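*Asks:* Questions regarding the structure given below will be posed in turn.
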Amino acid sequence: MDQNPSDQYQYTTFNNYPQGYQPAPPGPPTPAKTNGKSITSLVLGVLSIVVPYIGFLLGIVAIVFASLSFKELKRTGEQGKGLSIAGLVCGIVGTAIYGIILFILVLAIIMFASAGVENYSTF
């Protein structure tokens, strides 16, 4: 079989687009990055409600991170405002719960300490 070289396929690594043809842009634009401080405030806020004993401190740190993330979100335009709000609310709730528990505990200690030993005396 006699083959003519013009009948054979030719492979090239170059894009041979017709004149004036523009390829489509690659995919949809990527969404904005989520702020790390927003995520941190949410995690610490939830932990402030769940973790006993140190929930008071975790709630305070969650409130601080939420306020820092609000400022950073305005400046950079990142996502995460809802996470910051949720972290702030959970941090406030956790701090309030453990603050009330701590207040009741201190009040109980003071009341029992001031009861005096003379009430239990047998003399």
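*Asks:* In region 105-123, which residues are in a helix (DSSP H, G or I) and either closer than 22 Å to TYR53 by Cα or at pLDDT below 60 (or both)?
*Replies:* The initial filter retains those residues of region 105-123 that are in a helix (DSSP H, G or I), namely 105-113, 118-120.
LEU105, VAL106, LEU107, ALA108, ILE109, ILE110, MET111, PHE112, ASN119, TYR120 - these are the residues of region 105-123 that are in a helix (DSSP H, G or I) and either closer than 22 Å to TYR53 by Cα or at pLDDT below 60 (or both).
*Asks:* For region 1-42, name all the residues that are out of contact with any Leu (no Cβ under 7 Å at 6 or more places or on another chain), of a type in the set (A, V, I, L, M) and either modelled with pLDDT of 80 or more or surrounded by 10 or more Cβ atoms within 10 Å (Cβ to Cβ) (or both).
*Replies:* Passing the criteria: only ALA32.
*Asks:* Pairs please, first residue from region 43-65 and more than 13 Å from ILE100 (Cα to Cα) and free of Cβ contacts under 8 Å to residues at least 40 places away in the same chain, second anywhere and crowded, with 18+ Cβ neighbours inside 10 Å and among the basic types (Lys, Arg), Cβ atoms under 8 Å, 6+ apart in sequence or on different chains.
*Replies:* Qualifying pairs under 8 Å: PHE65/LYS37.
*Asks:* Please determine whether any residue of region 50-63 is modelled with pLDDT of 95 or more and not hydrophobic (A, V, I, L, M, F, W, C).
*Replies:* Yes; the residues of region 50-63 include at least one that is modelled with pLDDT of 95 or more and not hydrophobic (A, V, I, L, M, F, W, C).
*Asks:* Can you tell me which of (1) buried (at least 18 other Cβ atoms within 10 Å of the Cβ); (2) in contact (Cβ under 8 Å) with a residue 40 or more places away in the chain is the one ILE97 doesn't meet?
*Replies:* (1)
*Asks:* Quick check on GLY80: is it under 17 Å from the mean Cα position of the chain (by Cα) and modelled with pLDDT under 95?
*Replies:* yes
*Asks:* Could you list, in sequence order, all residues of region 43-61 that are surrounded by fewer than 20 Cβ atoms within 10 Å (Cβ to Cβ) and among the hydroxyl-bearing types (Ser, Thr, Tyr)?
*Replies:* Across region 43-61, the qualifying residue is only TYR53.
The values are calculated or read from the model by the stated rules, or taken from the named source; none is laboratory data. Source: prediction; values computed, not measured. Neighbour counts are summed over all protein chains in view; Cβ atoms, including those assigned to glycine, are modelled from backbone coordinates with ideal geometry.
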